[in-house]
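For reference, the structure is listed below as structure tokens.
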Amino acid sequence: MKQTITLISLIVLLSTQTSVADKVDFSKAYIIMPTETLTEDDTSENDENEESTDEIEEVASPPTLQIGGVETTVKSEGEVTVFNWKLFLNSPDNTTYYVYEVKPQNYFDPELLQQRLRGTTWDGYYQTSKTRYVTRLLLISIQNGFVGGEIIHTTGKIPHLPSDDPPSSFLHARVAGDITTQYKIEENDDGKLVWVSVSEYEKRVAKINKANEGKEGDKVTPVPKILEARHKIRLKRTRDMSDKTKNANSRWGSHNEYRLILEEDKETAEYNKITGHVGIPPESYGSSDVLTGNGKIELTISDSQAVKAPVPE
């Protein structure tokens, strides 16, 4: 039987923690992959402390679906506030999903930040030692650190030129790779600002929380506050998508790599600029990971697709 999702009660649930939303936006929503459940070894210690019974009735929990990146906009007294939410849905009868819980979502959640970039278009230039190419990057698919999209380089105009005025160089290729999020935090010992990966930040927080067990007041060490977030993106050309591909100077490399950084613009508080390098990676994996034949790339997001940077909580 085809499953359906009932979202009629969404606004009512959201209103329990904030004002009723003027707008609910699912355009950047995404499925949250379930985390690993405890194994028998993990739960054995707890089981020993429980009363044993001759008969234990096993009741299967209903299927659960988590949806992140649901955005609500609330207008109150002339101010506009944006919230991010995680929806928890379950299906008691295996046919219909009901919203049974709604939680505020951390603005610095890496998957949320990455999903905000899905479907965005970036325009700018790719500068090599010989040529300056007009460039367009489309980020089409983002999920669990994977990125898929398209890149266009041309000496003409984007997206198309009149047939009687073809560009001297043109490339339209599929690109794929990975995206990783980093946090800027303040080191506790000397106040130095550093960028760390999300996993490294979580390890530091876990270590501090463990050391704080049993402490109170001034003896409690605060966890590092996240000041900013940025994305590091690596893409490789995977497939030519045009029969007009040509390069007036030499040729287009089929495995060239784009190493890009997307950081917050301090003036606009938006993620609106990508900078980086393009080149040929090493032939094999190893300690060296340097690009050769570097070119520089600089792209700006479309004005209509501005992505707001998260506000430190």
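Quick notes on this structure:
- Take the conditions (1) assigned to a strand (DSSP E or B); (2) without any contact (Cβ under 8 Å) to a residue 40 or more places away in the chain; (3) under 24 Å from Gly293 (Cβ atoms); Trp195 misses just one of them, which is (3).
- Note on region 92-127: among residues that are buried (at least 17 other Cβ atoms within 10 Å of the Cβ) and part of a loop (DSSP other than H, G, I, E, B), the one that is farthest from the chain's Cα centre (by Cα) is Gln105.
- Residues in region 273-311 that are out of contact with any strand residue (DSSP E or B) (no Cβ under 8 Å at 6 or more places or on another chain) and either within 16 Å of Arg237 (Cα to Cα) or surrounded by 14 or more Cβ atoms within 10 Å (Cβ to Cβ) (or both): Pro282, Glu283.
- Residue within region 246-264 that is assigned to a loop (DSSP other than H, G, I, E, B) and under 17 Å from Asp178 (Cα atoms) present: yes
- Residue match in region 254-266 (condition: among the β-branched types (Val, Ile, Thr), surrounded by fewer than 16 Cβ atoms within 10 Å (Cβ to Cβ) and more than 26 Å from the chain's Cα centre (by Cα)): no
- Residues in region 203-216 that are surrounded by 14 or more Cβ atoms within 10 Å (Cβ to Cβ) and either in contact with a Leu (Cβ under 6 Å, 6 or more places away or on another chain) or without any contact (Cβ under 8 Å) to a residue 12 or more places away in the chain (or both): Asn212 only.
Each reported figure results from applying straightforward, stated rules to the coordinates on display, with no laboratory input. Predicted model, so just to flag it, every value in this text is computed and none were measured. Reconstructed Cβ throughout: ideal geometry from the backbone, glycine too, with neighbour counts over all protein chains shown.
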